[in-house]
Amino acid sequence: MADLGNTETARRLYETAGALADIFGARAAAHEAAGTFPYENYDDLRRSGYHLATVPEKYGGWGANVADVTRAQARLGEGCASTALVVAMQLVQVARIRRAGWPQARLDGVLSGIVEKGYLINTTASEPATGSPSRGGIPTTTATPTGEGYEITGRKTYSTGAPVLHYFIVSAAIPGPEGAKPQVSNFLVERDQPGVSIETTWNSLSLRLCGNDDVVLERVRLDKAALLSSAQKATPQDVAYSAAWGLPVAAVYFGIGRAASKYAAQYARDRKPNSLDKSIAELAHIQEKAGRMELALLEAENTLFAVADLAASGEADRNPSRMTALVGAAKLLATNRAMEAIDLAMRIAGSASLSMETPLQRYYRDARAGLGNPPLDDVSTLNLGKLALGLL
Ligand SMILES: Cc1cc2nc3c(=O)[nH]c(=O)nc-3n(C[C@H](O)[C@H](O)[C@H](O)COP(=O)(O)OP(=O)(O)OC[C@H]3O[C@@H](n4cnc5c(N)ncnc54)[C@H](O)[C@@H]3O)c2cc1C
């Protein structure tokens, strides 16, 4: 089980995540059935202050570290994983922008928007042409220099949380001189700027409530200060720090697996078919499945939290390549072991697990989405192999 850590912040964060998870989880089925976005979750989120977890204390946030947030996000993921993913993006992006080298005035402005107005933020990098930005594709979204700044045109897909985001960190290509490669940079775009619109495109098997919609940018005019940083300038330490902040995203998927195991355990204790004079929990084959389910989750949990603790202790700066490789391992285990645990939970519950009246089918669908979030499994195993071979 999750070790809450020693600090008061970690304890409060975990408890807040637990309270929100229970509220959000209770709403998920109705929203899925109605095809509606759970806007009220975000009112509760803002009231709780949880969306400020990674905002530094001097700005009015919690100042939580990556280990605190990873544990809390695992608990949040047990409720409505879609909402937990949107929240993960917010917490992670705030942690990343703290170290992104933004101009101070820009950083202050964004953090005060988040604290004072409850704004949410995410990166919108994916496009139909690039696929996963983690593969290095050049955006087809362009940022054309104008006298005062830039004009941005393009379409971003999979923009998690689009219905409730205010700030979009948009990757775009600034055309180079004739024959030269374009420079890929990030720009800050706000929802209420002329030319920004959201197209509701997300109609997916998994995470149906996370609003992974398209952000359409039509000749959006930005001033020079909207240029945040150039992707090419990051040091290995910056890259590892950013990678480590992927752990709270991975934690959401682990949380789905944990929720499935809790549901299956309760189900097994309650279910007494009339072929038996006891619950199915007393049967050896159910106990064996439960044992394998727990084994999968323990492997994922222990690696996830150990790597998160290592990240919180500063491993990204000490040993960036190792940090990045271990994050990949933790994410791979969190996602894949959660899927294994959910499969076993469904075998324990039997055919009732297929019913739309139980959450197991939602867990089954939601967990698969983790495979599409970076780092992707092939990249993680390759990096881990290099680490094992002493090549990193
Ligand atoms: C739940 C969820 C949330 C997301 N949130 C966000 C978000 O907030 N912001 C955002 O910008 N994006 C987000 N994404 C998008 C995500 O990062 C990817 O862009 C998206 O999943 C498409 O990636 P893909 O690998 O399937 O694409 P494709 O490029 O279509 O890949 C298809 C297949 O080919 C393989 N492949 C493609 N290119 C290469 C290559 N160069 N080398 C090796 N193999 C390759 C892939 O591994 C995959 O198996 C999200 C996706 C999901 C599922």
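The values are calculated or read from the model by the stated rules, or taken from the named source; none is laboratory data. Please read all numbers here as calculations on a predicted model, not as lab measurements. Heads up, the Cβs are rebuilt from the backbone with ideal geometry, glycines too, and the neighbour counts pull from every protein chain shown. Calculation scope for accessible area: heavy atoms of the full protein, side chains included, ligands and nucleic acids excluded. Shrake-Rupley method; radii C 1.70, N 1.55, O 1.52, S 1.80 Å.
Would you please put 168-177, 327-336 in order of how densely packed they are, using the mean number of other Cβ atoms within 10 angstrom per residue and starting with the highest?
By packing density, highest mean first, the sequence is 327-336, 168-177.
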Counting pairs of alpha carbon atoms under 8 Å apart in space and at least six apart in sequence, what relative contact order in percent does region 236-388 give? 35 percent
Helix 66-76 against the longest principal axis of the chain: what's the angle in degrees, Cα atoms only, rounded to the nearest 10? 50 degrees
With +1 assigned to the C-beta of every Lys and Arg and -1 to the C-beta of every Asp and Glu, and no other charges, what is the dipole magnitude of region 7-74 about the Cα centre in debye, to the nearest 20? 160 debye
In terms of the charge dipole of region 122-233, which places +1 on Lys and Arg and -1 on Asp and Glu at the beta carbon, the residue among Y158, T200, G131 farthest towards the positive end is G131
Sorted by accessible area (1.4 Å probe), largest first, how do Y39, Y119 line up? Y39, Y119
To the nearest 10 square angstrom, how much accessible area does D213 have with a 1.4 angstrom probe? 10 Å²
Could you please report the charge total around A125, scoring K, R as +1 and D, E as -1 over all other residues with beta-carbon less than 14 angstrom from its beta-carbon? +2
Solvent-accessible surface ranking, highest first, for L227, L20 at 1.4 angstrom: L227, L20
How much of H285 can a 1.4 Å solvent probe reach, expressed as accessible area in Å² and rounded to 10? 100 Å²
Placing +1 on each Lys and Arg Cβ and -1 on each Asp and Glu Cβ in the chain, then taking the dipole about the Cα centre, the residue among V379, A100, T140 whose Cα reaches farthest towards the positive end is V379
Filter the cross-link list K58/K331; K289/K331; K156/K224; K181/K386; K262/K331; K181/K233 down to pairs whose alpha-carbon distance in this structure exceeds 25 Å. K58/K331; K181/K386
Taking +1 at the Cβ of each Lys and Arg and -1 at the Cβ of each Asp and Glu, which of Y119, A367, W62 sits farthest along the dipole of the chain towards its positive end, judged by Cα position relative to the Cα centre? A367
Report the accessible area of K278, computed with a 1.4 Å probe over the heavy atoms of all protein chains in place, in Å² rounded to the nearest 10. 80 Å²
With an 8 Å Cα cut-off and a minimum separation of 6 or more residues, compute the relative contact order for the chain in percent. 16 percent
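When the accessible area of the chain is computed with all protein chains present and a 1.4 Å probe, what percentage of it is carbon and sulfur? Walk me through the intermediate numbers first.
Numbers: 8990 of 16970 Å².
Taking all protein chains in place, the chain shows 53 percent carbon and sulfur surface.
How do E78, E340, E357 rank by accessible surface area computed with a 1.4 Å probe, from largest to smallest?
E357, E340, E78
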In debye, nearest 20: dipole of region 8-119 around its Cα centre with unit charges on the Cβ of K, R (+) and D, E (-)? 420 debye
With every protein chain kept in place and ligands, DNA and RNA left out, what is the accessible area per residue of the chain? Probe 1.4 Å, answer in Å². 43 Å²
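Dipole of the chain, Cα-centred, from +1 at each Lys and Arg C-beta and -1 at each Asp and Glu C-beta, to the nearest 20 debye?
Working: 40 positive and 41 negative charges, 70 e Å.
Dipole magnitude for the chain comes out near 340 debye.
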How far is the Cα center of region 87-110 from the Cα center of region 37-63, in Å? 14 Å
